[in-house]
Each structure stands twice: as C-alpha cells, then as structure tokens.
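Participant: Here it is, the structure, as structure tokens.
The values are calculated or read from the model by the stated rules, or taken from the named source; none is laboratory data. The model shown is predicted, which means the values in this text are computed figures rather than measured ones. Cβ: placed from backbone, ideal geometry, glycine included. Neighbour counts: every protein chain shown.
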Amino acid sequence: MAPHLLLLLLLAVLGLRCPQGSDAATDCCLTLSSKRIPPRIVTSYRVQTPESGCRLRAVVFITKQDVKLCASPHAPWVPGLMKKLDKKLQPPHKPQKQKRGPKPQKQDRV
C-alpha cells in the first residue's frame, strides 16, 4: 500500500509543477542558430525573453512552412531582418489628399 501512496504523492507534486495543457517548454527556443536565415522564407517573428518564461533571449522567425527558427538578437543580421518584416507586415500607407486652398478669383477686366 505504501508504494501506491508514494506514487500518488509524486504525481500530485508533478501535477502542481506542470499544469495540464501547459506547453511552455515547447514554445521556448533551447538553442540558437548561428546560420543566417534567408529573408525569402520568413513570414513573421516574435521575441522570446526570460520574462516570458523562457531561459534564452531569442528572436523566433516563423517560415512559410510554419517552422520556428531561433536566432540570437545580438547576431548582426537579425535587426535588419526584423525591420524588413516590420515593413512588410505594416498595413499599406494611403497617401492623404492634399487640401487645396480657395481658388483665386478672376479679376474682371475693364
């Protein structure tokens, strides 16, 4: 009977540490790629920080095939790719029509 009680206690402790349905570990980058990621395959990105519950600080690039590639935010090419994606993901800017002043009135000739 004691082994069953020990097993139940162990399961209870593990259940408190790892809530059901929590995929926090699967959403975190565990390693960082040192290779440059080609911009043509990337559709978006997100920033991973220790504050979000992950051990590493990283930029997670998502490819067209929904593959997540992790890169160091300190890699020299990463900020440029992030800016390129920001521009691409921004809604198109509509130029505003310029307001014209009142038309000059014609002068009557005498």
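Participant: Specify the residue that is nearest to the chain's Cα centre (by Cα); the eligible residues are those in the stretch 47-79 that are among the polar types (S, T, N, Q) and assigned to a loop (DSSP other than H, G, I, E, B).
Facilitator: Among them, the one singled out is 49.
Participant: Hey, another quick one. With the checklist (1) in contact with a strand residue (DSSP E or B) (Cβ under 6 Å, 6 or more places away or on another chain); (2) surrounded by 11 or more Cβ atoms within 10 Å (Cβ to Cβ); (3) at pLDDT 95 or above in hand, flag the one item residue 54 doesn't pass.
Facilitator: Only one criterion is unmet by residue 54, namely (3).
Participant: To continue, here is another question. Pairs under 7 Å by beta carbon, first residue under 18 Å from residue 64 (Cβ atoms) and of a type outside the set (Val, Ile, Thr) in the stretch 82-97, partner surrounded by 10 or more Cβ atoms within 10 Å (Cβ to Cβ) and modelled with pLDDT of 65 or more, six or more apart or different chains?
Facilitator: Cβ pairs passing all conditions: 82/45; 82/59; 84/39; 85/42; 85/44; 85/45; 89/44.
Participant: Looking only at residues that are more than 15 Å from the chain's Cα centre (by Cα) and modelled with pLDDT of 90 or more in the stretch 11-31, which one is surrounded by the most Cβ atoms within 10 Å (Cβ to Cβ)?
Facilitator: By that ranking, first place goes to 30.
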